[in-house]
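**Q** Encoded as structure tokens, here's the structure I'll be asking about.
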Amino acid sequence: MNIKQLLLVVGIAGWCSLFFAIFLYFKIRKEKKDLFYDSKIISKYEMPKVVVIGGGTGQSIFLRGLKTVTENITAVVTVSDDGGGSGVLREDLGMLPPGDIRNCILALADIEPTMNEVMQYRFPDGSLKGQSFGNLFLAALNGIFGNFETAVSKLSEVFAIKGRVLPVSLEDITLIAKLENGLVVKGESVIPRIAKENNTRIEQISIEPKKAKPLEDVIISINQADAIVIGPGSLYTSIIPNILMEEVVEAIKKSKAPKIYISNIMTQPGETDGYNVVDHVNAIEKHAGCKIIDYVFCNKQELPEYIFEKYQKEGAELVMLDDEQRSELKEKKIKYIEKNMLEIKNDYVRHNAKYISNIIVQLAICLSK
């Protein structure tokens, strides 16, 4: 299939899904009682404004919990993904990778399970094999409006999401890693694999273009935030790329809102092998070039033996605090909150998003008084 044919397929799929989604959206709104919306409008302005910086699965899982405690959410999402279906659309259509953006929009949406399944559906065969229907939806909107920011905004409107989803930048960003063995690797999708194959760690992450500019609304959202959350997510490929732009770091640094890092529960093979909590914090602040973390949220809950063994076989370990790390965080003047923060679904470990979100919102409210 050539590019013209792909564009045609994308356009048809996009238009069909757009009409269906708009129909569904207005049907749902019509069935809601006006009183419900009035009460939400009144309470919305009392909710703290939370900015969540990251990308990947960890961010979208966290957003699902956060939307239950506040609607004033801005998800700032990395745009350096170059693998899978997103990578194909990025290369063929010259658009920004839609995958993480799509997942965050769906995480903040209140839609029927069937519609969610449609948006997440991946074509199993043919020229669209491996491509997500939701990615095609965003690609079509991008083609219609000629602007990725507008496409994201329109899709967010269709699903009436709680909050906003923003790409950190509209520039075509490539991730570059310098490994401890001196090897330089280009491309977000291959960095962990090559690091693992070479049995070495990531030393430094950078981006091309080096002077990439963030979206203006990203900076405005950070300036207005009552809490800034960094993570959870892949340290070097989802979190750090967002803070490699000077304007983003400067806005975070100047903000009086609490800056909270949600530590990963497990290490990630090829990316954070052998890392503890402080190692994650040090990597973030090393790349930021300054202190940008006030609080660290850490899990202290042990895994069931069968789950632990499963992750151990994959080369992953629990990320937890010990006395030495606690002392290091105190020296850095970083407060830490240790709680049972994990939940297990289908034998996979993830953050208990609702529980953590409640703590963050309570913290933001207390510090704003």
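No value in this document is a laboratory result; all are computed from the given coordinates. Just so it is clear, the model here is predicted, and its values are computed rather than measured. Backbone-built Cβ (ideal geometry, glycine too); neighbour counts: all protein chains shown.
**Q** Ranked highest first by the average count of other Cβ atoms within 10 Å around their residues, in what order do 247-257, 231-241 fall?
**A** In decreasing order of mean packing, 247-257, 231-241 become 231-241, 247-257.
**Q** Test of understanding: what is the full-extension gain from ASP172 to ARG64, defined as 0.36 nm times their sequence separation minus their Cα-Cα distance?
**A** 36.1 nm
**Q** Going 7 Å from the Cα of TYR306 toward and past its Cβ, which residues in the stretch 325-358 have a backbone nitrogen under 18 Å from where you end up?
**A** 343-350
**Q** Next up: Could you work out how far apart the two model spin labels at SER327 and CYS366 are, taking each label as a point 7 Å from the Cα in the direction of the beta carbon, and quote it in nm?
**A** Taking the simple label geometry, SER327 and CYS366 are separated by 2.7 nm.
**Q** Just to be sure I understand the model, the point goes 7 Å from the Cα along the line to the Cβ. What's the resulting ILE144 to GLU208 distance in nm?
**A** Label at ILE144, label at GLU208, 3.5 nm between them.
**Q** Okay, next question. Modelled label-to-label distance, GLN224 and LYS335, 7 Å Cα→beta-carbon offset: nm?
**A** Roughly 2.6 nm, to one decimal.
**Q** Hey, how many Å between the Cα centroid of the stretch 62-119 and the Cα centroid of the stretch 120-182?
**A** Each part reduced to its Cα centre gives a spacing of 7 Å.
**Q** Then there's this: Please label the shape of the stretch 196-276 as rounded, prolate or oblate, based on the square roots a ≥ b ≥ c of the eigenvalues of the alpha-carbon gyration tensor (a/c under 1.5 means rounded; beyond that, a/b larger than b/c means prolate, else oblate). Walk me through the numbers before you get to the answer.
**A** Details: a/c = 3.19, a/b = 1.57, b/c = 2.03.
Note, shape of the stretch 196-276 comes out oblate.
**Q** Remind me, relative contact order of the stretch 211-321 in percent, using alpha carbon pairs under 8 angstrom and six or more residues apart? Numbers along the way, then the final one.
**A** Values: 148 pairs, mean separation 32.6, N = 111.
Once normalised by length, the contact order is 29 percent.
**Q** Also: Would the stretch 55-198 count as rounded, prolate or oblate if I go by the C-alpha gyration tensor, calling it rounded below 1.5 in a/c and otherwise prolate when a/b exceeds b/c, oblate otherwise?
**A** Cα axes put the stretch 55-198 in the prolate bin.
**Q** Counting other C-beta atoms within 10 Å, and keeping those with at most 14, which DSSP coil GluC sites (Glu not before Pro) do you find in the stretch 290-368?
**A** Answer in residue order: GLU302, GLU314.
**Q** Find the relative contact order for the chain and round it to a whole percent, using C-alpha pairs within less than 8 Å whose residues are 6+ positions apart.
**A** Numbers: 658 pairs, mean separation 67.3, N = 369.
Relative contact order of the chain: 18 percent.
**Q** Still on this model: Rounded, prolate or oblate: which fits the stretch 321-369 when a ≥ b ≥ c are the square roots of the eigenvalues of the alpha-carbon gyration tensor, with rounded for a/c under 1.5 and prolate only if a/b beats b/c?
**A** It comes out oblate by the Cα gyration axes.
**Q** What percent do you get for the relative contact order of the stretch 266-336 when only Cα pairs under 8 Å and 6+ apart count?
**A** Once divided by the residue count of the stretch 266-336, the mean separation gives 48 percent.
**Q** Looking at the chain only, what percent of DSSP beta bridges run antiparallel? Nearest 5 please.
**A** Values: 16 of 40 bridges.
Taking every DSSP beta bridge with both residues in the chain, the antiparallel ones total about 40 percent.
**Q** How much FRET efficiency would the formula 1/(1 + (r/R0)^6) give for PHE123 and ALA160, where r is the Cβ-Cβ distance and R0 is 22 Å, rounded to 0.05?
**A** About 0.25, to the nearest 0.05.
**Q** Run the dipole for the chain about the Cα centre, Lys and Arg Cβ at +1, Asp and Glu Cβ at -1, nothing else charged, and hand back the magnitude in debye, nearest 20.
**A** 1000 debye
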